[in-house]
């Protein structure tokens, strides 16, 4: 592929609800620019962009793919992001890498929840947007109603390229800037004719064009003065002002097309080149001198200091591959570049771009471009590559936290190591997915954004590492404590010929909320020699790891040794450890032991209409509502909820709110388990313990 200057590059992200036409547009663009001989389709497995086996099987995008197009002496990098909730991490990854977001809206469905969630992420990161009205061949489309809905959602949305008819009457598109209609005469979209606005469309066009012109001229003060003076505004002037407005995120144009028939693709590609900003004009992510808060101004110039950030990593059978957005300077093959995060260097013998899974070599990386680098040594998502003499850290958007956790175990013990290797690799690629082994509860924990997110990981584990796993409800890290006091004797005496074992201690147990465990030595007169006291403490420490109720660690208590006895020959550290353990088991039982459960502070961000359902559901989970506060157009409900009641809450919340709510949860404290729940917990974990034995 030839080398393009920064001004000739366009980095476009495709966003929207699942099934809204993002991948289909990328396929149409590949066909229209000659990169493919047909329009690939997701449904018949001919898609260039959805090449991962999981995407082929599920008929949906689950990972961001890149397509580099060449069109009219420009390079257009298309990043096609998944539209489903469970893969929103991919959206967070690429919002920093694109200069413009094309947000797809299904004309038959209107504004859908996936599109709203994408929009919120783009808004948070101040990404300029274009709305793409797709699926124009569907029945019962009301264009006016959709325009009104979108305008009500964001008043910056302004129709610029609109449909000429819908469903069976779909004839083409109308460009309001040119004031021309484009009539399409074949299903391949290669043959069309630019004509004057048809008579039956003139009122429709007139009602849209005047408000569009007013919105566009507001982006250019000089042009606005010309407009108010009644002078004619040319199409070229409108495009120039629109480009300024898009760059500043002051206006969001709406364009339309029918991608499966390649209808409008050329006009849309022209729009991208003429009206969308290049990397030379767009925002630049915050950059800092590495290890400091000293901000650095990075200009997107080919002759500037070399700096770029990794926004995605993929592990393939052939090795790792990272996606790099060059921010400043020019990267050359064979040169060492510094990674200040890992404090190591990367050297790549060649650079490539992608069209789906097909690699295309590029000579060098110019500021503003997006490329892939194979077999990195030390770089992953969020890392910066720069010059050693000028260490820079570019701040990329943060990824969301996992919402749903399962316990995961291989179906055969022999696969334990392979499972860990596979899951760690998948988690490193994904960035949101996480896996850790909990040694206390003896379970692996796999966390993600939802059931499908985790299901894809499990499926990849099977296909790539040949490991089958069971996913189950995770165990809860309960704790035990005491509410009363006791004083007991722990005596270990054993004689079996030769030297025996003898240890004897008296220990007081009492609650101590201020510390997890406190040990006090009150021995006087040497009834227990000083050299055995540490063994007593160690015995209590080891014993408290497995409490008397359900085998969970015992916390928040004080143990005081105040009396005991020893034998000159038979006493030993081991004997006193055993004696302490016996004292623990007896003393805790007599000190009114209770079960404690982890309590989390849960914050649910929810639209007003679902408030009642959310509060009722949290109450049913033994939650205590702390309060509510407005946040934009939503409410934030805060509550303290036992972790045991939050299993699959992510899934339930989606169901209750049509995926429109979100939540976060952080550990707060441990609290006593209600008596009616305690019995069932003890029974459950005692049964599990017996089964393991």
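Each value in this text was obtained by applying a stated rule to the coordinates, not by laboratory testing. Just so it is clear, the model here is predicted, and its values are computed rather than measured. So basically every Cβ, Gly included, is an ideal-geometry build from the backbone, and we count neighbours across all protein chains shown.
Details
- Among 656, 258, sorting on how many other beta-carbon atoms sit within 10 Å of each Cβ, with the fewest leading, yields 656, 258.
- Kirkwood Rh and Cα Rg combined as Rg over Rh, evaluated for segment 287-394: 0.95
- Where both bridge residues fall in segment 501-566, DSSP classifies roughly 60% of the beta bridges as antiparallel.
- One entry in [x] 62, 28, 23; [y] 43, 38, 21; [z] 49, 32, 24 is semi-axes √(5λ) of the Cα gyration tensor in Å calculated from the shown coordinates; its label is [x].
- Over the chain, Cα pairs under 8 Å with separation of 6+ residues give a relative contact order of 10 percent.
- Cβ crowding within 10 Å ranks 394, 100 as 100, 394, fewest other Cβ atoms first.
- Counting only DSSP beta bridges whose two residues both lie in the chain, roughly 80 percent are antiparallel.
- Centre separation in Å (Cα based) which lies between segment 118-188 and segment 479-493: 73 Å
- Folded to 0 to 90 degrees: helix 533-544 orientation relative to the chain principal axis, Cα: 50 degrees
- Helical runs (DSSP H, four residues minimum) scored at -39500 (n - 2.57) apiece and divided by the length of the chain put the mean residue ellipticity at 222 nm at -8500 deg cm²/dmol.
- Helix 22-32 axis, angle to the chain major axis (alpha carbon atoms, nearest 10°): 40 degrees
- Bridge orientation summary for segment 1-122: considering DSSP beta bridges with both residues in this region, about 40 percent are antiparallel.
- Extension gain from residue 7 to residue 145, taking 0.36 nm per residue of separation minus the Cα-Cα distance: 45.9 nm
- Taking 248, 8 and counting other C-beta atoms within 10 Å, the order from fewest to most: 248, 8
- Helix axis angle, 675-692 relative to the chain longest principal axis, alpha carbon, degrees: 80 degrees
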